[in-house]
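Participant: The structure is given below, and queries will be raised subsequently.
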Amino acid sequence: MSKSNSDDDGASVKAPALPSDAEGKAFALDPQIGEEAFSRRAPSLRAMDPAGVTAPNCDATRAAMITLQVVKAAEEPSRAQAFAKVGEFLGDDTIATLKDQAWALWYLDSRVRTIDATKSDVKVDATLFEEASKARARVLKLVDYYLGENPKMAAELKDIGIGTGYIDLAGDLTRLAGHLSAHKDTLSADKMRYRADDEVTLRGMANAIIAQLNEDRTNETPDLRNRAWTQMRETYVHLKKAADFIFHKRPSDLARFPGLRAALMSNYSRVGRPPKTKSRDAGNDS
């Protein structure tokens, strides 16, 4: 007599479980988790030297999300064990620290967006705006002349060139300052257009614009967001270097730890970047 597809007690027998059978756990950004992470990071953020703080030159929320995805990959048991073996060399730059920093950045950037969406129509000093715009145009031409043939750089410079509004101007100055730093050897050969103090000047102008936009606010959130970005980026860079060493013979694992900039560029290409408009850029950080 054949055995039916049921246990003796009459209960139905299910096929072996598949991963897709389980209820999915959405990778959601939880405001409470972000607030708790900020609470833990606040003393460190406020203790930072202001001179070392930089404003995000990308979408900070997107950077935080990508970082949390990298953290999730690092928390996989075999990878976590590999990181643990070099723990004494990582110091404070641990996966747990990076996770807290990413949550704190996401939380603070979401609050900055709320501030920007509800702020009054603040104006930046006309002289500062004019000088910053001229500096952006000059350095943009310099970088384009020497590096514009690279397709990725061409796309980057095109994006900078279409910026409008105060927030965009500050972000574009910061991005150009980053390129001046990264390609100093090439760009400094231009004795006519290159200026040795350009990187510092552009960053200073960007900070001055942000400061003037924030003059009517008693809220320190934008500054805290910039501090959170600075900390997270530095920790990410250090852990990326550690991952390069740990997984250099395990390419499939190493692929889970891309450079932050490369990951952002890849993310932009997949989902697209919101088009820049004057009304949006006048009130939101991009």
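Participant: Of the conditions (1) free of Cβ contacts under 8 Å to residues at least 24 places away in the same chain; (2) in contact with a helix residue (DSSP H, G or I) (Cβ under 7 Å, 6 or more places away or on another chain); (3) more than 22 Å from D59 (Cβ to Cβ), G161 clears all except one; give me its number.
Facilitator: Only one criterion in (1) free of Cβ contacts under 8 Å to residues at least 24 places away in the same chain; (2) in contact with a helix residue (DSSP H, G or I) (Cβ under 7 Å, 6 or more places away or on another chain); (3) more than 22 Å from D59 (Cβ to Cβ) is unmet by G161, namely (3).
Participant: So, in segment 65-117, of the ones that are over 18 Å from the mean Cα position of the chain (by Cα) and among the aromatic types (F, W, Y), which residue ends up modelled with the highest pLDDT?
Facilitator: F83
Participant: OK, next. Go through segment 142-178 and give me each residue that's in a loop (DSSP other than H, G, I, E, B) and at pLDDT 90 or above.
Facilitator: Once the filter is applied, which keeps residues that are in a loop (DSSP other than H, G, I, E, B) and at pLDDT 90 or above, segment 142-178 yields G148, E149, N150.
Participant: Mind listing whichever residues of segment 122-146 are of a type in the set (A, V, I, L, M) and touching a Lys or Arg at 6+ places or on another chain (Cβ under 7 Å)?
Facilitator: L142, the sole residue that qualifies.
Participant: Is there any pair with a first residue in segment 70-91 that is free of Cβ contacts under 8 Å to residues at least 40 places away in the same chain and a second that is surrounded by fewer than 11 Cβ atoms within 10 Å (Cβ to Cβ) and not hydroxyl-bearing (S, T, Y) whose Cβ atoms are under 6 Å apart and which are 6 or more apart or on different chains, and what are they?
Facilitator: If the second residue must be surrounded by fewer than 11 Cβ atoms within 10 Å (Cβ to Cβ) and not hydroxyl-bearing (S, T, Y), no pairs are left.
Participant: Just to verify a result, which residue in segment 213-240, among those that are farther than 16 Å from Y107 by Cα and more than 17 Å from the chain's Cα centre (by Cα), is modelled with the lowest pLDDT?
Facilitator: Among those that are farther than 16 Å from Y107 by Cα and more than 17 Å from the chain's Cα centre (by Cα), it is R217.
Participant: Right, here's the next one. Please determine, by comparing only the residues of segment 120-166 that are under 19 Å from D197 (Cβ atoms) and of a type in the set (S, T, Y), which one is nearest to the chain's Cα centre (by Cα). Break it down into steps so the answer makes sense when it comes.
Facilitator: Step one: of segment 120-166, the residues under 19 Å from D197 (Cβ atoms) are 127-128, 130-143, 146.
Next, only the ones that are of a type in the set (S, T, Y) stay: 127, 133, 146.
Values: T127: 30, S133: 24, Y146: 26 Å.
Within segment 120-166, the match that is nearest to the chain's Cα centre (by Cα) is S133.
Participant: Can I ask one more? Just to check your reading of the model, which residue among F83, F89 is surrounded by fewer than 16 Cβ atoms within 10 Å (Cβ to Cβ) and in the same structural domain as D59 (by TED's automatic domain parsing)?
Facilitator: None of the other options fit; the residue is F89.
Participant: Looking at V124, V139, V112, which is the one that is among the aliphatic types (A, V, I, L, M), out of contact with any strand residue (DSSP E or B) (no Cβ under 9 Å at 6 or more places or on another chain), assigned to a loop (DSSP other than H, G, I, E, B) and under 27 Å from G52 (Cβ atoms)?
Facilitator: V124
Participant: Suppose the filter is at pLDDT 90 or above, closer than 30 Å to A84 by Cβ and surrounded by 12 or more Cβ atoms within 10 Å (Cβ to Cβ); does A263 pass it?
Facilitator: So A263 fails the test.
The values are calculated or read from the model by the stated rules, or taken from the named source; none is laboratory data. Just so you know, these numbers come straight off a predicted model, no measurement behind them. Neighbour counts run over all protein chains shown; Cβ positions are idealised from the backbone, glycine included.
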